Amino acid sequence: MKDIISGLDKVFESRVRLGIMSILMVNDSYDFNSLKAALGVTDGNLASHLRALEENMLIRVSKKFIGKKPNTSYAATENGEKLFRDHLRALEEIIRSK
């Protein structure tokens, strides 16, 4: 019997990481404060999840200044998009299985 959860990627087990990737899949980029507000998480919680996604090369980080204020934004990498789509496909297979 096929292991129905074998296609799931462990890096996306967290609901925060699922949320981050879901937002980045439909936006070219998203800044830290907007992600924090959309997900309703603390700075530290968001930062740790973003770091994990960055370390796995699933997102890229862009730092710049807007006026005199620093702004950090994030975008999904090509690999991140592929792995997230594969993860979603695996979820769909689980839902469809009997």
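The values are calculated or read from the model by the stated rules, or taken from the named source; none is laboratory data. This is a predicted model, so every value here is computed, not measured. FYI the Cβ positions are ideal-geometry reconstructions off the backbone, even for glycines, and counts take in every protein chain you see.
Annotations for the structure displayed:
- Residue in region 60-82 that is hydroxyl-bearing (Ser, Thr, Tyr) and assigned to a helix (DSSP H, G or I) present: no
- Of all residues in region 60-98 being in contact (Cβ under 8 Å) with a residue 60 or more places away in the chain and among the small types (Gly, Ala, Ser), the one that is surrounded by the fewest Cβ atoms within 10 Å (Cβ to Cβ): SER97
- Residue within region 44-58 that is without any contact (Cβ under 8 Å) to a residue 12 or more places away in the chain and over 22 Å from ASN79 (Cβ atoms) present: yes
- So LYS64, is it modelled with pLDDT under 95 and in contact with a strand residue (DSSP E or B) (Cβ under 7 Å, 6 or more places away or on another chain): yes
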